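Report on the following structure.
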Amino acid sequence: MIAERIKRFIQKHGGLHLRRFGKCLDSCWMRIKAHTYLQKAKRETCMNSKSTEQKTGQLVLPGERLGVIEEFTPDTGTFVKDGVIYAMVVGRALRDLASRRVSVYPVVHEIRVPKVGSTVVGQVSNVQSENAAVRIFQIGGKLLSGVFTGVLHISDVHLRYVDSMFSVCKAGDIIRAKVISLKNQVYHLSTKDTDLGVIYAFCSHCGGSLVSKRQGMSCPRCGNIEERKTVFDYGKELVSTNGGI
Ligand SMILES: [Zn+2]
């Protein structure tokens, strides 16, 4: 009778501690012990199934327990230690009851934010005599997870002395710069290298794209000549079209 109960239990609960029960079933005289195991296993299964069900589809953190290898086959996003299956990544824990597989699907995608040392691309939003504000939207050719504001100070523009920021860039220009500091939660930028500076400039008279000429930045549309601190590969970088321009 107990053996039948155990069998039903195993059918119902999918073979948890099957091996241990199998030994008990072989020795009928150990029914009392089997009964103890049954009670214990029931308690464990209740606890396990409760915790696993709670975790199914739920957010789990790396190292979070998902089950044991007697219950499930570990799949994507999991690892096993001492017979216990843990989440390897931050994600949603999913268990396939048909195949008895447990996996974790990552929900945290790569978040791109500027860091000190990052080369970023942004649009100049405001220029004053000593500072320019830049809306940073791209890093390493990829759009950032949001738009960040950076500040370019006149002392970080060029290796040589620069007397006015108005000769460096103008509002609307696209610049490539390096993040040199995050002091006071502000992205401080530098354009001191030859590959840093204005990559696209626009005429302050007519808005046309400026081209780099020997005498300065020239507007083919209205003939206006302006000054900028440009990069050596001016006008060549591909900028994401939906990047806040
Ligand atoms: Zn023009």
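The values are calculated or read from the model by the stated rules, or taken from the named source; none is laboratory data. Computed from a predicted structure; not experimentally measured. Note: ideal-geometry Cβ built from the backbone for every residue, glycine included; neighbour counts use all protein chains shown. For accessibility, only protein heavy atoms count, side chains too; no ligands or nucleic acids. Shrake-Rupley method; radii C 1.70, N 1.55, O 1.52, S 1.80 Å.
Quick look at the values:
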read-out	value
Number of the exception - N184 against (1) in a helix (DSSP H, G or I); (2) at pLDDT 95 or above	(2)
Single unsatisfied condition, G223 versus (1) outside any loop (DSSP other than H, G, I, E, B); (2) out of contact with any Cys (no Cβ under 6 Å at 6 or more places or on another chain)	(1)
Within the range 111-124, tally of residues that are open to solvent by 20 Å² or more (accessible area, probe 1.4 Å) and under 16 Å from R228 (Cβ atoms)	1
Residues satisfying the stated conditions in the range 229-238, i.e. on the phi < 0 side of the Ramachandran plot and surrounded by 11 or more Cβ atoms within 10 Å (Cβ to Cβ)	K229, T230, V231, F232, D233, Y234, E237
Search result, residues across the range 93-135 that are in contact (Cβ under 8 Å) with a residue 60 or more places away in the chain, among the β-branched types (V, I, T) and not in a strand (DSSP E or B)	V116
Test: residue in the range 100-108 that is open to solvent by 30 Å² or more (accessible area, probe 1.4 Å) and farther than 24 Å from S145 by Cα	yes
Failed item, numbered, when F166 is tested on (1) over 19 Å from S118 (Cα atoms); (2) out of contact with any Ser or Thr (no Cβ under 8 Å at 6 or more places or on another chain); (3) assigned to a helix (DSSP H, G or I)	(2)
The range 179-228, subset open to solvent by 70 Å² or more (accessible area, probe 1.4 Å) and in contact with a helix residue (DSSP H, G or I) (Cβ under 9 Å, 6 or more places away or on another chain), residue nearest to the ligand (Cβ to nearest atom)	E227
Residue list for the range 121-168, restricted to those being among the aliphatic types (A, V, I, L, M) and over 25 Å from S218 (Cα atoms)	I136, I139, L143, L144, V147, V151
